[in-house]
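Participant: One structure coming up, written as structure tokens, with questions to follow.
The values are calculated or read from the model by the stated rules, or taken from the named source; none is laboratory data. This one's a predicted model, so the numbers in the text were calculated from it and none came from an experiment. FYI the Cβ positions are ideal-geometry reconstructions off the backbone, even for glycines, and counts take in every protein chain you see.
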Amino acid sequence: MKLSQALKMAMMSLKGNKMRSFLTMLGIIIGVLAVTLLISVVQGATGEITGQVESLGSNLVFAQITSPKTVYITVDDVMKLEGMGGIDIVTASKSGSSTVKAGTENKSATVEGVTAQYNQVMNLDLLYGRFLAPLDVEAKTNNAVIGYKVAKDLYGTTKCLGNSVNIKGRDFTVIGVLDEGDSMISSTDSTVYIPLLTYQRLFNDKELGAIYVSAENADAVDTAETTLDEYLLKELGDEDYFTVINQSAILDAMDQILGVMTTLLAGIAAISLLVGGIGIMNIMLVSVSERTREIGIRKAIGAQKSDIMIQFLIESVVLSVAGGLIGILLGLIGLQIFEQIMDINLVLTWSTTALALGFSAGVGIVFGIGPANKAANLKPIDALRYE
Amino acid sequence: MIELTDIKKTYLMGETEVHALNGVSLVIPDGAFVAIIGPSGSGKSTLMNVIGCLDVADEGTYKLDGQYVKDMTERQLGTIRNQKIGFIFQQFNLLPKLTAYENVELPLIYQGLSHDERKQRTIESLTKVGLADRMDHKPTELSGGQQQRVAIARALATHPTLILADEPTGNLDSQSGKEIMQMLKDLNAEGRGIVLITHDTWVASQADEQVRIVDGQIETKGRKGGAQ
């Protein structure tokens, strides 16, 4: 018997029991939907987060300062780090929240005082104008570089160079506008950057919030980290007053978390596929007993064992693969919705699609082979007598 | 040519053994029209199942066209059922979800014939039983007599040399029964061997030879015309 004929027979019998076929497929549909959605979301999130961390520059080491107000480190001291063991560029920042105004518009934004090197270390993208220069910091100028969203909200356009923005009663001149960032970790969009010394005077705040250093090269990251760590310990006198973190440590931690999540979610998805498979097996077994007489007739008129086997196996594989296809289709729709809600880029990769389809076909074969074998091994005479 | 020698078949009904066939020897030459008669439980159905390769004898030898059936694989038996033998059952045994056409086509599909050849043979068979105009009807849309004719068409489609009919008129009214018997006689006239099982004496009398079986053994054999 040809495969096309077997397929036709299988389709006919499945169509004869539409409701049952659909309900049996539902298990696989839900399983595959879960697989595609979960894997795509985790992959999307992984790509997003990894990309953001990596965009910070792979040589980045930074320290968060958490010392009490009485113990602080000055910008001049921090700058001494430049050129010390493994360290290339150093920058420091301090940030706070404030309302920024332009004309009648006002907006709550993060105001961050930074040194001129900040841009070099953090790789910010400028849409218009320039970033703060060393002279701005030294001369404590009232120049500001504003984030994309700040510009849009205050002026309605990003072409706002030379406009004035008011922070805490002081007018700043916009000298640069940043491009829209897509970072979930540190949003530059709602930030206004001003010279660090200007910030310290304006907010009456001598402390530094964070110190960023970029190592000379990727191999020097560990050395740079040690240098920064030892220097801060010497200056602040207590290791509880700061935390030094490097980028690879963040990536490692995230990889670990995402890895655990992937395994967990894949496990859940696999279980639901397994349950779907058991559903198929159950229905196929029922179908074999219901159709015992049919099997007897087919055998009496010359169907071989293999013909019966293939017929039933194809039925279960058609059920599972059709379920898989519908699941993937629903998965694609689901991803569109997730994209809208989570605002991240989700792609259903070919490998995920192949995995889901392959898995569902596998489920159909594995759980279909038992019932098909049972049908094929029926003795024609027993099957014919069956009422 | 069917050669049965000392065939025995025993079933276990609960604790007791039932000797359905208890030493049956029978030779049916090609092209013969034989009726096997006997009361119910006499073993005549078992005999037909053995002849039709649906069941295997416990003891004795069965030679079909010179080949020992016992030595054949399951696949070979399937091929014999498919190509050499055509079955006609009392309950018609058509597949209810298939149309008359599809039912008749089924054994040809298992033979692996091409679509065109299947179509030609299926239509030829259905025309022969006078149901060419009912091809697209499902069994439930046909009368009993028509269903049995579809079953005959299905048996004929593979051009078998032997037709086995198990009470073919048992579920039919007498008029339909007569039509079916006429059809079988015509097929016999074409040279096909026919083995018929019945307990209806009129049906049996249509055959050339009658074999009476009682308690799993052959009681009498007789040619048409009375001579025992």
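Participant: May I ask you to list the residues in region B:47-78 that are closer than 25 Å to B:Gln147 by Cα, facing another protein chain (nearest Cβ under 9 Å) and in a helix (DSSP H, G or I)?
Facilitator: B:Asn49, B:Gly78 - these are the residues of region B:47-78 that are closer than 25 Å to B:Gln147 by Cα, facing another protein chain (nearest Cβ under 9 Å) and in a helix (DSSP H, G or I).
Participant: Confirm whether B:Ile163 is in contact with an Asp or Glu (Cβ under 7 Å, 6 or more places away or on another chain) and surrounded by 18 or more Cβ atoms within 10 Å (Cβ to Cβ). Before you say what the answer is, go through the steps one by one.
Facilitator: Working: in contact with an Asp or Glu (Cβ under 7 Å, 6 or more places away or on another chain): no; surrounded by 18 or more Cβ atoms within 10 Å (Cβ to Cβ): yes.
For B:Ile163, the condition - in contact with an Asp or Glu (Cβ under 7 Å, 6 or more places away or on another chain) and surrounded by 18 or more Cβ atoms within 10 Å (Cβ to Cβ) - is not met.
Participant: Just give me the residues in region B:97-138 being in a loop (DSSP other than H, G, I, E, B), within 9 Å of another protein chain (Cβ to nearest Cβ) and either loosely packed, with under 15 Cβ neighbours inside 10 Å or of a type outside the set (A, V, I, L, M, F, W, C) (or both), in sequence order.
Facilitator: Narrowing region B:97-138 to residues in a loop (DSSP other than H, G, I, E, B): B:97-99, B:112-114, B:129-131, B:135-138.
So of that shortlist, the ones also within 9 Å of another protein chain (Cβ to nearest Cβ) come out as B:97-98, B:112.
If the condition is that a residue be in a loop (DSSP other than H, G, I, E, B), within 9 Å of another protein chain (Cβ to nearest Cβ) and either loosely packed, with under 15 Cβ neighbours inside 10 Å or of a type outside the set (A, V, I, L, M, F, W, C) (or both), then B:Lys97, B:Gly112 are the ones that fit.
Participant: Given the structure, is A:Gly334 crowded, with 16+ Cβ neighbours inside 10 Å, more than 14 Å from every other protein chain (Cβ to nearest Cβ) and not basic (Lys, Arg)?
Facilitator: Spelling it out, A:Gly334 is indeed crowded, with 16+ Cβ neighbours inside 10 Å, more than 14 Å from every other protein chain (Cβ to nearest Cβ) and not basic (Lys, Arg).
Participant: Can you tell me which of (1) away from chain B (no Cβ under 14 Å); (2) out of contact with any Leu (no Cβ under 7 Å at 6 or more places or on another chain); (3) more than 16 Å from A:Ile211 (Cα to Cα) is the one A:Tyr241 doesn't meet?
Facilitator: (3)
Participant: If I go through region A:44-96 residue by residue, how many of them are loosely packed, with under 14 Cβ neighbours inside 10 Å, small (Gly, Ala, Ser) and closer than 24 Å to A:Thr188 by Cβ?
Facilitator: Final tally of qualifying residues: 1.
Participant: Can you list the strands (runs of 3 or more DSSP E) found entirely within region A:113-186 that contain at least 3 residues being among the β-branched types (Val, Ile, Thr)?
Facilitator: Fully inside region A:113-186 and qualifying: A:170-178.
Participant: Could you list, in sequence order, the residues of region A:352-378 that are more than 23 Å from A:Val275 (Cα to Cα) and either loosely packed, with under 15 Cβ neighbours inside 10 Å or touching a Pro at 6+ places or on another chain (Cβ under 9 Å) (or both)?
Facilitator: A:Asn377
Participant: Of all residues in region B:65-81, which are crowded, with 23+ Cβ neighbours inside 10 Å and under 14 Å from B:Leu162 (Cα atoms)?
Facilitator: Scanning region B:65-81 gives a single hit, B:Arg81.
Participant: While we're looking at this one, here's another question. Any idea which of A:Ile301, A:Ile314 is touching a Gly at 6+ places or on another chain (Cβ under 9 Å) and free of Cβ contacts under 8 Å to residues at least 40 places away in the same chain?
Facilitator: Answer to the check: A:Ile301.
Participant: Is it true that some residue in region A:310-327 is modelled with pLDDT of 90 or more and farther than 30 Å from B:Leu95 by Cβ?
Facilitator: Yes; the residues of region A:310-327 include at least one that is modelled with pLDDT of 90 or more and farther than 30 Å from B:Leu95 by Cβ.
Participant: Quick check on region A:282-297: of everything there that is within 14 Å of chain B (Cβ to nearest Cβ) and without any contact (Cβ under 8 Å) to a residue 12 or more places away in the chain, which residue is nearest to B:Val104 (Cα to Cα)?
Facilitator: Among residues in region A:282-297 that are within 14 Å of chain B (Cβ to nearest Cβ) and without any contact (Cβ under 8 Å) to a residue 12 or more places away in the chain, the one nearest to B:Val104 (Cα to Cα) is A:Glu294.
Participant: Please give the strands (runs of 3 or more DSSP E) falling wholly within region B:139-228 in which 1 or more residues are without any contact (Cβ under 8 Å) to a residue 24 or more places away in the chain.
Facilitator: Values: elements: B:162-166, B:193-198, B:209-214, B:217-223.
So the answer is B:217-223.
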